[in-house]
Amino acid sequence: MTLEIFRSASYNSLVFRCGAAVAQGTVNPLVVGSNPTTGAMIIREKTPLNTFGDFIKVVVDIERNILSAGCELHIDCAEELEKDGSQLANLWGANAYSKTKQIDFVSFINIRPAIGNRTMEIENPEIRKKVEVIIQNILFQ
Amino acid sequence: MNLDRWKTFTKSQQLLMIGSEIMRAVVWQHKDDEKFLGALERGMHLIKLCQLDEKWQNAKAMLAGLQEEFQKFSAKSRVDDISVLYRAL
C-alpha cells in the first residue's frame, strides 16, 4: 500500500492518501484532511470511532458513501464535504457514541422542509438507514 | 447584540453563540425557570439576527426549524432534555 502525506493548500493541514478499498466496496483513496479551525475530517474508510472520543458529530454523504467527523458544528463538517465535491442535498447530520455504538440522527442541517424533512431528525427511514450503514461501516469496527 | 456586529461573525461563530445560550438553558432547565426562559429568549434573538443576515440566505428553513424548537421548549410543549438542541448544532 502506498502512502502519501502532503499539506492541504486550503487548510495548511496534513492530508493522508493511500490506496485502499472502502466501505460499500468502492475503491477510493483514503483522505483525512483535518481542518485545524473546525476539527472536521473527511473519512472514506474504516476508522475506529474511539479515535475521536466518546461522542462525535458526523455528516454523511449518502451518495458518495463518505463522511466528515470531529467538527465543532455540523455545518463545519458539511462545508468540508462540499469543498470536497459533495452536494448539500446528499448530506445528513448525526451524532455517534463510541462506547455504546449508538447513533442519533439529530442535526440542525437536517431541517429541510422543501424535501419533507421538517425537524432536526432524519424522518425518512431509507435515508436514516443509509446514514446508519455508512457510519457503522466507517466508524464502528 | 446589534445586527451590524452580528454580521461580522462567521456562520460557525454565530451558531456557537446560539449554542452557548443552549448550554445556559441546559444548566437552568428544571432548576430556575426565569434563567431558563431568559437563555431561550436570548437564543431566539440570535436566531432572528441570523435570519436577517444575508449569509443565511440559503438556509432560512433550517433557522426557522431551529427557532421552532426553541419555541417548543419555551412554551413547555417540549420538556425533555434541552441539550438535544446543542447536539444538533
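Coordinate-derived values only; no laboratory data. Computed from a predicted structure; not experimentally measured. Note that each Cβ is placed from the backbone with ideal geometry, even for glycine, and that neighbours are counted across all protein chains shown.
Taking 7 Å steps out from each Cα toward its Cβ at residue B:45 and residue A:82 produces label points 2.9 nm apart.
Exposure here means at most 16 other Cβ atoms within 10 Å; with trypsin sites (Lys or Arg not before Pro) in a DSSP loop as sites, the longest stretch of chain B lacking them is B:32-75.
For the range A:54-68, the Karplus equation 6.51 cos²θ - 1.76 cosθ + 1.60, evaluated at θ = phi - 60°, returns couplings of 6, 9, 9, 8, 9, 10, 10, 8, 6, 8, 8, 6, 10, 9, 10 Hz by residue, with Gly and Pro reported as x. The orientation-averaged shadow of the Cα convex hull for the range B:3-87, equal to a quarter of the hull surface, comes to 5.2 nm².
Around residue A:53, what is the net charge, scoring Lys/Arg as +1 and Asp/Glu as -1 over all other residues with Cβ under 15 Å from its Cβ? Intermediate values should be presented prior to the final figure.
On the way: positive: A:57, A:99, A:101, B:87; negative: A:54, A:72.
Net charge around residue A:53: +2.
Residue ranges A:124-135, A:68-79 sort as A:68-79, A:124-135 when ordered by packing (mean number of other C-beta atoms within 10 Å per residue, highest first). For residue A:121, the residues whose modelled amide H falls within less than 5 Å of its own, excluding neighbours fewer than 5 places apart on the same chain, are A:107.
Within a 10 angstrom radius of each residue's Cβ in B:60-69, how many Cβ atoms of other chains show up on average? Whole number is fine. It would help to have the intermediate numbers written out before the result.
Values: counts 0, 7, 9, 2, 3, 9, 3, 0, 4, 4.
Partner-chain Cβ atoms within 10 Å, mean over residues of B:60-69: 4.
Report summary: the helix-based calculation at 222 nm, which adds -39500 (n - 2.57) for every DSSP H run with n ≥ 4 and divides by the residues of chain B, gives -22500 deg cm²/dmol.
Note on residue B:52 and residue A:123: the model spin-label points, each 7 Å out from Cα along the C-beta direction, lie 3.0 nm apart. The residues neighbouring residue A:103, those whose beta-carbon lies less than 13 Å from its own, together hold a net charge of +4 under the Lys/Arg +1, Asp/Glu -1 convention. Annotation: extensible slack from residue B:5 through residue B:86 equals 26.8 nm (criterion: 0.36 nm per residue apart, minus Cα-Cα distance).
3J(HN,Hα) along the range A:75-84: 5, 5, 4, 5, 5, 4, 5, 4, 5, 8 Hz, from the Karplus curve 6.51 cos²θ - 1.76 cosθ + 1.60 with θ = phi - 60°, whole Hz, x for Gly and Pro. Net charge of the neighbourhood of residue A:84, taken over other residues with C-beta under 12 Å away and scored Lys/Arg +1, Asp/Glu -1, is -1.
Counting Cβ atoms of other protein chains within 10 Å of each Cβ in A:99-111 and taking the mean gives 3.
Based on C-alpha pairs under 8 angstrom that are at least 6 apart in sequence, chain B has a relative contact order of 34 percent. Computed from backbone phi with θ = phi - 60° and the Karplus coefficients 6.51, -1.76 and 1.60, the 3J(HN,Hα) list for the range B:36-50 is 4, 5, x, 5, 5, 4, 5, x, 5, 5, 5, 5, 4, 5, 4 Hz; x is used for glycine and proline.
What FRET efficiency comes out for the pair residue A:115/residue B:75, r = Cβ-Cβ distance, R0 = 35 Å, nearest 0.05?
Values: r = 27 Å, r/R0 = 0.77.
E(calc), rounded to 0.05, equals 0.80.
For residue A:55, nonlocal amide neighbours, meaning residues 5 or more places apart or on other chains whose placed amide H falls under 5 Å from its own, are A:98.
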